[in-house]
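Step one of this worksheet: look at the structure below.
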Amino acid sequence: MNFHIKIRAWALTAVCVLILSSTLVMAQQPPAGGTIHVVQRGETLFRIAQSYGLTTDVLARVNGILNPSNILVGQRLIIPGPDFIPETETPETYIVQFADTLASISAAFGVNLETLVALNSLANPDSIYVGQVLRLSGEIPQTDAPAEGAPDSPEPPREQVIHRVQRGETLFRIAQKYDVNMSAIQAANGIQDASRIFAGQDLIIPDARTSSAVSALPDGIATIDLTPLVLTEGKSARLLITSAAPATVNVTFLNRVIPVSSSDGGVAHRAFLPVALGTAPGIYDITVSVADTTGRSEVLRFNVQVTSGGYGRQYITLPDSKVPLLVQGVEDNERGLLEALTSRYTPDLYVDGPMGLPAAASMFSAFGAERAYNGSDFNRHHTGADFAGAPGTPVIAAAAGRVVLADTLNIRGVCVVIDHGWGVYTLYAHMSDRYVNLGDFVQAGQAIGAIGSTGRATGAHLHWEVWLHGTPVDPMQWAAEAFP
């Protein structure tokens, strides 16, 4: 009896398996013109989608995949054919692009303008900025008063994916998940230390494009790109513009005209943007004007967010013999000299890739900190990076360029300034000796002097600065990134 029951149970199980298998096969039938892809070891949904000219989002939706990082070896994926038209859904969020206005976003997604303002707690509809993540749906937050600007969100580049960091995640694992370079994520989000991410943080994932701009750029501008999209006081940014035809491009930022370098027959344009120390966090506009050879001119204005550098504070004690160097007039005169010198524009660029470090020594004092000297208020900023080194240690040119200053200054002591072109300068201070003269052309890595303690220094070290269009900026950013 038990034998017959077992036979019947086995037969019933077999029938169920056959039915289930048939159902799965039917469910996996590709649409007309489509095909089936069997997942191989080492493949990711991103790479599979890329190989078929699809987006990860479309492939995930077609196959009912909720977690794009969770696919299995041997899994059968439906690959839609060339005639496939994905169903469109109104997204929950939208990333502000260069030519967008709140009105154009409202019209594109059919969301009432007042609703957009309320959803995003905007005090000023004109204050949206490039890279800002706007909510398009959901509950309107209950706030006593709307805050100017935007909620705390990162600077997602155009058409990028936003990833919210989960507890226990590392930047390395996140980069693996999306199959992108970790350094690219760091650059896009302005992350200096890869270990300094936190649960709930929104990160931009470059090269995972999911959305398109709803507003067209002016006809004269083919493409525009800003890196990073969220700017930081004391840092530098790169603005790349491609004009539709040979043109003259002008850029204005922080009430200053920024020099623009053009190439490729006048259609490729680059500008380096300095954000001065002390720039208050907030929303600032950038104006780009493009004039072609016929005299036709077009203007694009967009907002960007500037955040605090969070550089910290330092107490410095000078010996009595150097206290006179704290007189404000002494500082003002020296800064005026350097601002005038480094505001000059040279059309040839000699920086090729990241700059080298200026000494074979460890850095002990970073750029940007507020400083209090001999018990005074915190009324000065550290405008460079300090490297410890024994007296006489060689000082090395960080990049090729021409020496435009070789002199002894009150505060910086024995000092050399090198012009690298396009408004980029490096400065080497407190040296005991210099090996170059005004007008010399130096190569990257060439010894230009020796570490010392001249000027307003408490001991032997090298003080290294980078000046961009007459503004001191973080030199270590230029050592970590290839700006051109």
Exercise. On the given criteria, is Q477 within 31 Å of the chain's Cα centre (by Cα) and without any contact (Cβ under 8 Å) to a residue 60 or more places away in the chain?
Worked result: no
Exercise. Just wondering, is there one or more residues in region 140-147 that are surrounded by 12 or more Cβ atoms within 10 Å (Cβ to Cβ), more than 22 Å from L122 (Cβ to Cβ) and either modelled with pLDDT of 75 or more or not assigned by TED's automatic domain parsing to the domain that holds E114 (or both)?
Worked result: no
For this session: Residue by residue through region 231-244, note down the ones that are in a strand (DSSP E or B) and in contact with a Ser or Thr (Cβ under 6 Å, 6 or more places away or on another chain).
Result: T232, R238, T242
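This table checks each residue for (1) over 21 Å from G470 (Cα atoms); (2) exposed (fewer than 15 other Cβ atoms within 10 Å of the Cβ); (3) modelled with pLDDT of 95 or more.
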| residue | (1), (2), (3) |
| --- | --- |
| F302 | yes, no, yes |
| N333 | no, yes, yes |
| P358 | no, no, yes |
| F387 | yes, no, yes |
Problem set entry | Qualifying position, being in a loop (DSSP other than H, G, I, E, B), crowded, with 19+ Cβ neighbours inside 10 Å and not basic (K, R), among G449, G368, G392 | G368
Exercise. Which members of region 282-337 meet the condition of being part of a helix (DSSP H, G or I) and among the hydrophobic types (A, V, I, L, M, F, W, C)?
Worked result: V323, L325, L326, V330, L337
Exercise. So which of V351, V323, V395 ends up being in contact (Cβ under 8 Å) with a residue 40 or more places away in the chain, over 28 Å from V260 (Cα atoms) and either out of contact with any Phe, Trp or Tyr (no Cβ under 6 Å at 6 or more places or on another chain) or among the small types (G, A, S) (or both)?
Worked result: V323
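The values are calculated or read from the model by the stated rules, or taken from the named source; none is laboratory data. Nothing here was measured: the structure is a model prediction, and the numbers come from that model. As a convention, Cβ positions derive from the backbone with ideal geometry for all residues, glycine included, and neighbour counts pool all protein chains shown.
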